[in-house]
Amino acid sequence: MFGLSELAIILIVVIAVIAVKKGPELVRSAGRSTRILKAEARAARDPQPAPQVIQGEVVEPGSPTEPRPQGPGTA
């Protein structure tokens, strides 16, 4: 049977093999998460501008100024 030291060596080798295969993917996703976290922290820290109201025209449905659907079969 294996002793404790042999099992530890096997475990270290298995972890190293998994780290080589999945390492770049894990580092890439950690970088993306860090960027998102920084952006969210920056957005929470900065004051939000007040929403602006833009004046426009009121167009009734079916009025001649309403744009007509464009697509195949329409002239």
At 0.36 nm per residue, and after removing the present C-alpha to C-alpha distance, how many nm does the segment from S33 to L4 gain when stretched out fully? 6.7 nm
Over all directions, the average projected area of the alpha-carbon convex hull for the stretch 1-63 comes to how many nm²? 11.7
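No value in this document is a laboratory result; all are computed from the given coordinates. Predicted, not measured: the structure shown is a model, and the values here were computed from it.
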